[in-house]
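Worksheet: the structure to be examined is printed underneath.
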Amino acid sequence: MMHLAWLLFSTQLFATVNLDPQVVIDRLLAQGPEAQQIVYQSKRAELPYYEALSFFDTGMEIKTNYEIDQSESVMGTSNVEDRSLGSSVKIRKRFKSGTHLSAQYGRLEQNSILSTFTSSLRPDQQNQSALYVELKQNLLNNAFGKKDRNQLKVAKLQMQEAKLSRDEELEQLILQTLALYWDTYVTKQSLEEAIEARKLIGDLVNTVKKKSRMGYAAPGELARVQAEFEMQDQRVKKLSSNYLTLLSTLKVKLKLDDDVELEKVSKLPEVPNKSAVELESQRFIKIARSRIETSKLMLSTAQNSALPVLDLDFSWSSIGVEQSADKAFTEMTSVTKPNYFVGLTLQFYLDSSSQGAAIADKKIRLQDSELSYNFLKSQLKSEVDNKYNFLSSSFKIVESTKKMLDHRLKALKQMKTAYNQGRLDIDILIQAYRDQFSAQVAHIQAIAQYYVNLHDYAASKDELISDKQLERQKL
């Protein structure tokens, strides 16, 4: 039983994660520190939108106060003492139509020690209930809330841009990490080939030693092949160190503590068919188009800001004053003594140089964003075409390196036979071994480069990471 428990524990302790490009992408998005940092930064860009949205929040104000007033008046009409208890509730709301609306209800209870002058004018105890409604509507500068809505739209567009930029940054991070993955893969495969090469050279050393003991070896032949073995041993040590360094960097990027095994490429995927790219659906184009819309809104806001401020003001109130609080409230709600007010307020600058400069600046920004949009469309189309050409070329290079490797292996086999028959110098055989090892590495590198180009081409079409992948990772 204890043996079984230890087996389970050791299996968990030394778990191995099998990595391939898709696993790298999923793990990077799910737990990669750099990916999380990009996500956090994009979330910070949401704040300006919610700040702009809070401009239309409903506000409430509650007040209460108690006052003792024993002050005198130069008119001689003040009471000996007034004790007042007041309370009020006010609600205010700013609408997207540019309307400011507020409603306030207040109560005041006053007990007084009346003076000889006021004793005949009012009772010593009074209650007041009051209801006030105020409305302000901008008619010109922010006509029916146009500026407010523009600012909200700009904040929303910038938040959407931040999300698109986040996806682009994640895609670039994935490309960098996949490039690191393939560098690690090439180093690992090269290390395996170097170990095999060292073994083959070691076998050749043993063969030459036998020839030397039998007196058939040429002068310096054994030393030359032993030197080649040392060179291959150095190559193994160097590749081993490089592999461990690259693997450690990859594990840090993916936040992995377990052992890692890189999946060996068994079959190369075919070159995908070339298809037309819908440029308008590309993230960079969406960002550029969003910036044009943002520039238009900001220009409209600047033009409106240059206009005079013309406000329509309206207020209405109903007040009830009685000895008892109930009667005062009834008088207020019966609206027997209402008050109405309507007015216009006009404000403007006699001279303002900044407004004209602001409009000119926004016009330049709009022209610049339109120029960037048109340039980006032509640039992206050319970039996608170029990357497809690189992809097609790299697939042909993989096929070519495979043929080259087959030829090198065939040549080496024939040269080994010739050497064993005494018809070939050892230096030529050693060079044949080197050529074979170089061909093996070149083939491995060509495979990795094809995958890198495949990822790069997918990224140029915004297909390396899909919206579903981002949703699955809750980004």
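The values are calculated or read from the model by the stated rules, or taken from the named source; none is laboratory data. It should be emphasised that the depicted structure is a prediction, and the values quoted were computed from it without experimental measurement. So basically every Cβ, Gly included, is an ideal-geometry build from the backbone, and we count neighbours across all protein chains shown. Each accessible area value is taken on the protein alone, full model and side chains, heavy atoms only, with ligands, DNA and RNA left out. Shrake-Rupley method; radii C 1.70, N 1.55, O 1.52, S 1.80 Å.
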> Is it the case that some residue within the stretch 447-462 is among the hydrophobic types (A, V, I, L, M, F, W, C) and either in contact with a His (Cβ under 7 Å, 6 or more places away or on another chain) or not in a helix (DSSP H, G or I) (or both)?
Replying inline: no
> Mind checking which residues of the stretch 406-441 are surrounded by fewer than 17 Cβ atoms within 10 Å (Cβ to Cβ) and of a type in the set (A, V, I, L, M)?
Replying inline: L409, A411, A418, L424, I428
>> Please determine whether any residue of the stretch 381-399 is in contact with a Leu (Cβ under 9 Å, 6 or more places away or on another chain), open to solvent by 40 Å² or more (accessible area, probe 1.4 Å), modelled with pLDDT under 90 and not β-branched (V, I, T).
In response: yes
> Here is a list of conditions, (1) in contact with a helix residue (DSSP H, G or I) (Cβ under 9 Å, 6 or more places away or on another chain); (2) part of a helix (DSSP H, G or I); (3) open to solvent by 30 Å² or more (accessible area, probe 1.4 Å), and K468 meets all of them except one; can you say which number that is?
Replying inline: (1)
>> Looking at (1) open to solvent by less than 50 Å² (accessible area, probe 1.4 Å); (2) within 30 Å of I195 (Cβ to Cβ), which one does N242 not meet, given that it meets all the others?
In response: (1)
> Restricting attention to the stretch 193-203, which residues are surrounded by 15 or more Cβ atoms within 10 Å (Cβ to Cβ) and over 15 Å from F437 (Cα atoms)?
Replying inline: none
>> Given the criterion under 16 Å from I292 (Cα atoms) and not aromatic (F, W, Y), identify the matching residue among L164, L139, L180.
In response: L164
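So which helices (runs of 4 or more DSSP H) are wholly in the stretch 19-99 and hold at least 1 residues that are under 30 Å from Y181 (Cβ atoms) and not polar (S, T, N, Q)? Before the answer, list the steps.
Details: elements: 21-31, 33-44, 47-53.
Filter on the stretch 19-99 gives 21-31, 33-44.
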>> Under 9 Å between Cβ atoms, which residue pairs at least 6 apart in sequence (or on different chains) link something in the stretch 221-234 that is over 13 Å from R434 (Cβ atoms) with a partner that is among the basic types (K, R) and modelled with pLDDT of 90 or more?
In response: D233/R198
> Among the residues of the stretch 247-263 satisfying the criterion of being over 13 Å from Y181 (Cβ atoms), open to solvent by 60 Å² or more (accessible area, probe 1.4 Å) and assigned to a loop (DSSP other than H, G, I, E, B), which is modelled with the lowest pLDDT?
Replying inline: D257
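Can you name every residue in the stretch 346-378 that is more than 34 Å from the chain's Cα centre (by Cα) and loosely packed, with under 14 Cβ neighbours inside 10 Å?
Answer for the stretch 346-378, where residues must be more than 34 Å from the chain's Cα centre (by Cα) and loosely packed, with under 14 Cβ neighbours inside 10 Å: L346, Q347, F348, Y349, L350, D351, S352, S353, S354, G356.
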> Going through the stretch 333-359 one residue at a time, which ones are in a helix (DSSP H, G or I) and modelled with pLDDT of 90 or more?
Replying inline: T333
